[in-house]
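The values are calculated or read from the model by the stated rules, or taken from the named source; none is laboratory data. A quick note: this is a predicted structure, and the numbers were derived from the prediction, not measured. For neighbour counting, all protein chains shown are included, and Cβ atoms are generated from backbone atoms with ideal geometry for every residue, glycine included.
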Amino acid sequence: MAKKKKKLKVKNIIILGLLSISLGVLIVSSKEIIKWFNDNKKSESIMDNIENKITITQEENIDTVITQNEEEIDESDPYWDFINMNLIDVNIAKLKEDNPDTVGWLSVSGTNINYPFVHTTDNKYYLTHDFYKANNGGGWVFLDYRNNANLDGRNNIIYAHGRENGSMFGSLKNILSSQWVNNSQNYVVQISTMNVNSLWQVFSIYKIPNTNDYIQTDFSSDKEFNYFAKKLLERSNFNFKTTVNEKDKILTLSTCYNDDEKVVLHAKLIKTN
């Protein structure tokens, strides 16, 4: 009888222990879910404030600079569909009043990405801070610290979290869908900075296991850059029927697809003003 009572006592202790662990996990999970929703709400409020402060205007094709050698571009290249598109213009100086780290505005066709982006001395700060530099798990859209605000590097990289509600770079996943690919008007990225507005033509999209081989910013030679560009072209899920060479500047957008993979877009500069 004593043995039975002892076994029952041990069993009850185990059950209570498991219940305590389960309750602890539930409490932690609930806190994380609440924090996730609060961070999203804060980010939405920030964008409302920003959109009330500035206006995105379409700039006519006046005093534009074509960065491509059009004599070398095949008539089948989608370039000819994009080169006459308007540029966007945003008063970045006004946004700098709220955050001096602001360097530009990014708009990606066929997605919800339409945000100001920032730049600081590392690639960690804006993973956990929002546009107003408050703690926020949603982070913000930011330029790689190795690049400069003029976006005149050979590979200019912009990051953001892939939020499940589609905010930040959450909708970058759209580029992998047939609906996005089947609409050629999506193959452009527009950027406005303090000194220049620009249009970029998409040439590669893909999902890839976590790797850093596409976020290289320094190249020792044209040969190395051409090898890099060729790798990005060959990696694409879709053939955009365009080329990239040593004269080009690349824009790279990167975010998490899940814990083990990234989704990436590459575009080349085709026009500025």
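Scanning segment 167-199 for residues that are over 15 Å from Ser254 (Cβ atoms) and in contact with a Leu (Cβ under 9 Å, 6 or more places away or on another chain) returns Val188, Gln190, Ile191, Ser192, Thr193, Val196, Asn197, Ser198, Leu199.
Among the residues making up segment 85-94, a single one is farther than 14 Å from Asn195 by Cα and touching a residue at least 40 places away in the same chain (Cβ under 8 Å): Met85.
Can you work out which of the residues in segment 249-265 that are in contact (Cβ under 8 Å) with a residue 40 or more places away in the chain and in a loop (DSSP other than H, G, I, E, B) is surrounded by the fewest Cβ atoms within 10 Å (Cβ to Cβ)? Steps first, please.
Filtering segment 249-265 for residues in contact (Cβ under 8 Å) with a residue 40 or more places away in the chain gives 249-257, 260-265.
Right, trim to in a loop (DSSP other than H, G, I, E, B) and you get 249, 257, 260.
Working: Lys249: 19, Tyr257: 17, Asp260: 8.
Checked segment 249-265; the qualifying residue surrounded by the fewest Cβ atoms within 10 Å (Cβ to Cβ) is Asp260.
Filtering segment 171-184 to residues that are out of contact with any Phe, Trp or Tyr (no Cβ under 6 Å at 6 or more places or on another chain), part of a helix (DSSP H, G or I) and surrounded by fewer than 21 Cβ atoms within 10 Å (Cβ to Cβ) leaves Ser171, Lys173, Leu176, Ser178, Gln179, Trp180, Ser184. The residues in segment 185-219 that are exposed (fewer than 14 other Cβ atoms within 10 Å of the Cβ), polar (S, T, N, Q) and more than 22 Å from Trp105 (Cβ to Cβ) can be counted, and the count is 3. Every test in (1) part of a loop (DSSP other than H, G, I, E, B); (2) of a type in the set (Gly, Ala, Ser); (3) modelled with pLDDT of 95 or more is passed by Ser198 save one, and that test is (1). Of all residues in segment 220-242, those satisfying the criterion of being in contact (Cβ under 8 Å) with a residue 40 or more places away in the chain, surrounded by 14 or more Cβ atoms within 10 Å (Cβ to Cβ) and in a loop (DSSP other than H, G, I, E, B) are Phe238, Phe240, Thr242.
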